[in-house]
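Beneath this line is the structure, given in C-alpha cells, with notes to follow.
The values are calculated or read from the model by the stated rules, or taken from the named source; none is laboratory data. Note that the coordinates shown come from a computational prediction; the quantities given were computed from them, not determined experimentally. Neighbour counts are summed over all protein chains in view; Cβ atoms, including those assigned to glycine, are modelled from backbone coordinates with ideal geometry. Side chains included, ligands, DNA and RNA excluded: accessible areas come from the protein's heavy atoms. Shrake-Rupley method; radii C 1.70, N 1.55, O 1.52, S 1.80 Å.
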Amino acid sequence: MNTINRFSLEAHVGPYESWPLRSRLLIDGAPTGLKVKGYVLLRQFETASGFLLVTDYDCPFEESVNFVLVSKDLRKVLGERTLGAMYGTFLLENVTWTNERHFAATFMGIEGHWDFRIRDWSMPLIFQRLKMTYVAS
C-alpha cells in the first residue's frame, strides 16, 4: 500500500444544494471517465487491488465519509462504502493500514473504529468488495 497524490475531484459551482452527489474523478488533472461520491478527496492510496479513495461532502454537522475502491485500469468502481448519519458528524481522523488488504478508520469524537478488508471479488448487495466491521474500544 502506498499513499499517493495523483487524484482530484472536479470542482462544482453554484449553490451547494444544487451540486450532484457524485463528482468526476481526475488523475493527474485528466478525466478518468468515473464519478465517485463526494466533493473533497481526503486520502488516496494505491494497493495491489486498486486505488482506494476516501472522500466526503464537506458538510459541517452532517459529515459522511465514502471509501471507494477503483480498478487499477480506472475503468470501474469496484466497491463503495459510506459511513455517516443524519445530523451526525463522521469527521475522519485517521486511516491506518495493517497490510495491503486491511485498514482501520477512526473518527473524531467516536469511540472505537471501523475495520475494512479488501476482498478479491464481490456479489452485489450480498458480498461487498469492501468488507466493513465496527470494532468497539
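Can residue 35 be described as assigned to a strand (DSSP E or B), surrounded by fewer than 17 Cβ atoms within 10 Å (Cβ to Cβ) and modelled with pLDDT of 95 or more? Yes: the conditions hold for residue 35.
Of all the listed residues (67, 90, 103), the sole one being farther than 13 Å from residue 8 by Cα and assigned to a loop (DSSP other than H, G, I, E, B) is 90. Of all residue pairs spaced 6 or more apart or on separate chains, those with beta-carbon atoms under 9 Å, a first member in segment 111-133 that is under 21 Å from residue 89 (Cβ atoms) and open to solvent by 50 Å² or more (accessible area, probe 1.4 Å) and a second member that is hydroxyl-bearing (Ser, Thr, Tyr) and part of a loop (DSSP other than H, G, I, E, B) are 111/137; 113/137. How many residues are at pLDDT 95 or above and open to solvent by less than 40 Å² (accessible area, probe 1.4 Å) when one looks only at segment 79-91? Qualifying residue count for the region: 1. Selection of segment 46-56 for residues being surrounded by 19 or more Cβ atoms within 10 Å (Cβ to Cβ) and on the phi < 0 side of the Ramachandran plot yields 49, 51, 52, 53, 54, 55, 56.
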